[in-house]
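Below is one structure; the comments refer to it alone.
The values are calculated or read from the model by the stated rules, or taken from the named source; none is laboratory data. From a predicted model like this one, the values you see are computed outputs, not experimental measurements. So basically every Cβ, Gly included, is an ideal-geometry build from the backbone, and we count neighbours across all protein chains shown.
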Amino acid sequence: MPRKLTAPRRRCLVEGGGPKARLLRWRLAGGRDQGGRDQGGGKIEFDPAHNLAGRGFYLCPDPEVIGLALRKNLFAKAARRKLTLASDPAAFIGEIEQSLIQFVITRLAAAKRGGLLRLIPSARPNQDTPNQVTPNPAEPIKRERPGQTVWLYLGSGQTDSDQTDTDQAGDSEAGDTQAVQNPDDSWLELKFPNHDRVILLKKLGLKATDDEILLWLGWDKPTQGMAAQLQIVLEQLKSLRA
């Protein structure tokens, strides 16, 4: 039997094990001379993409957890060395939020340059052409602050009838269809400070008007990894602000 694949897990410094992708990561930097010899000391760098080389430390995206880690000096204890860290938890969390926001902006700008990101002209699909844009019509958007919000829609853009047609398309396409597993269609609110919102819209080639901005990142082969990563990062931002 083929071995069942499981998502990688890492240990949060405070709360124990958890899925690696959903934890915040820092990497140990500095503390070595040009010859690579350990000189002690050093610092930690936040790694929103989980791709920086070096020993990693993980925390749950929870303000109380992060505050406790700072108060108990858990980063230094795990690294077994003195580290340079922000002493104010609020400032430390603020730096994390800003890094996550910049990560989202960079990824969406890359998707736009690659032609993978669409601007949705309306929150509801056109009933005459449902296959063009189908953000879930059964799940209305909750507009807390109309005119000041950017919404990101993650989904396949397929109706049930579309999926049935795809399933019946033939064996030659069945493998490709099964290789992509679409999540539940969902709207994610990009709650950024106003200046970051302006930066995002500028990078996407949009004007910072008073209208809501609705973006669609499809969940298919070219974008499913990016969509999954953005979904996790936006959930982390939401948890930090809870």
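General observations
- Criterion: part of a helix (DSSP H, G or I), of a type in the set (Gly, Ala, Ser) and over 17 Å from the mean Cα position of the chain (by Cα) - qualifying residue of Ala90, Ala86: Ala90
- Of the listed requirements (1) under 22 Å from the mean Cα position of the chain (by Cα); (2) in a helix (DSSP H, G or I), His50 misses just one: (2).
- Of all the numbered requirements in (1) more than 30 Å from Leu154 (Cβ to Cβ); (2) out of contact with any Phe, Trp or Tyr (no Cβ under 6 Å at 6 or more places or on another chain); (3) loosely packed, with under 13 Cβ neighbours inside 10 Å, Leu74 misses one, and that requirement is (3).
- Spans of helices (runs of 4 or more DSSP H) in the range 149-242 with at least 2 residues modelled with pLDDT of 85 or more and of a type in the set (S, T, N, Q): 224-240
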